[in-house]
Amino acid sequence: MAPPRSFLWSRRIFLTLLTGFVLVPVYVMVSSSLKPLADVTGTFRWLPSGLTLRPYVDIWSTVPLATYFVNSLIVAGAATICSVMIAVFAAYAVSRYDFRGKRVFTVTVLSTQMFPGILFLLPLFLIYVNIGNATGIALFGSRGGLILTYLTFSLPFSIWMLIGYFDSVPRELDEAALVDGCGPLGALLRIVVPAAIPGIVAVAVYAFMTAWGEVLFASVMTDDTTRTLAVGLQGYSTLNDVYWNQIMAASLVVSVPVVAGFLLLQRYLVAGLTAGAVK
């Protein structure tokens, strides 16, 4: 039975308004990044009087954006790899084996998502400083310390999500692999992991996006040499002026890796997020 025409028109109007609501800020960002600073700080015009690519050139010299970019790639990439690797083994153990404290472990992992991140800021700061004073291992102000910090956020959710995905993978595949001579590790790496690629990709995208755009901990746990992009964008605002056109240009450049990765992996991401929704 076809839906009524009123419903179709209401849907079209709603989707049109929603599209405009999403695209208008993007247009403002793109147009502002192509204007001279005087035009951006003046009265806003929907149709720019003049366009220039100079802001995209100046963003690399106004602040050390390349250094921030490399720091963000290293931190987000390492946090993603570590989160996925640890989550795969932890989720497989919870999904396939029964052990004492299994339910407590699962509930504890999930309950960590209830607390806001700012509650962990001071404890982690004190832990890193004390470890540095006691052992000489510099966690505060280093990339390694920031990677460990991001694991505290992405790892619990990654484990919880992969547990549900591994539960949807038939146990008969593991048993067939064991019969063919594979051990538990071989069954995981050769059978379960290839079958769970969509879920693993979804976890990797979540972990990367969490680390890439995080501001609070990056502003406290880093220094001038380890600062990430999310914090480094503040450098375009000085005591004398705010380079709005360069901020817009840098924001577009910063969003390129996330947008490109999402477009390339979106089919795996959708499959991973919807896995287990229908039994």
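The values are calculated or read from the model by the stated rules, or taken from the named source; none is laboratory data. Since we're looking at a predicted model, the values are computed, not measured. A quick note on method: Cβ atoms are made from the backbone with ideal geometry, for glycine too, and the neighbour counts reach across all protein chains shown. Surface areas here come from the heavy atoms of the whole protein model, side chains and all, with no ligands, DNA or RNA. Shrake-Rupley method; radii C 1.70, N 1.55, O 1.52, S 1.80 Å.
Taken as Cα centroids, the stretch 81-106 and the stretch 135-167 sit 15 Å apart, rounded to the nearest whole angstrom. Think of each Lys and Arg Cβ as +1 and each Asp and Glu Cβ as -1; about the Cα centre, that makes the dipole of the chain roughly 720 debye. If I take R0 = 35 Å and measure r between the Cβ atoms of S251 and K102 in this structure, what FRET efficiency does the formula 1/(1 + (r/R0)^6) give, to the nearest 0.05? It comes out at approximately 0.20. Per residue, the stretch 1-149 exposes 66 Å² of accessible surface when a 1.4 Å probe is rolled over the protein heavy atoms with every protein chain present.
Please identify, among M209, M29, M161, the residue showing maximal mean-square fluctuation in a Gaussian network model of the chain using a 10 angstrom Cα cutoff. With Cα springs under 10 Å in the chain, the top fluctuation among M209, M29, M161 is at M29.
Once the Cβ-Cβ distance of A176 and L263 is raised to the sixth power relative to R0 = 45 Å, the FRET efficiency obtained is 0.80.
Of the residues A195, A78, A211, the one that moves most in a GNM of the chain with alpha-carbon contacts below 10 Å is A195.
From its DSSP helices (H runs of at least four residues, each -39,500 (n - 2.57)), the chain gives a residue-normalised ellipticity at 222 nm of -23000 deg cm²/dmol. Note on the chain: GNM, Cα springs under 10 Å; of P156, P116, P36, the largest mean-square fluctuation is that of P116. Report in % the part of the accessible area of the stretch 63-242 that belongs to carbon and sulfur, leaving out ligands and nucleic acids; probe 1.4 Å. That fraction is 70 percent. Grab the other residues whose beta carbon is less than 15 angstrom from that of G132, score K and R as +1, D and E as -1, and report the net. It works out to a net charge of 0. For the stretch 1-35, the residues whose amide N sits under 12 Å from a probe point set 7 Å from the Cα of L51 along the beta carbon direction are 30-35. Each label was represented as a point 7 Å from its Cα along the Cα-to-Cβ direction; for T62 and D223 these points are 2.7 nm apart.
Quick check: net charge around G235, other residues with Cβ under 15 Å of its Cβ, Lys/Arg +1 and Asp/Glu -1? Spelling it out: positives minus negatives among the neighbours equals -3.
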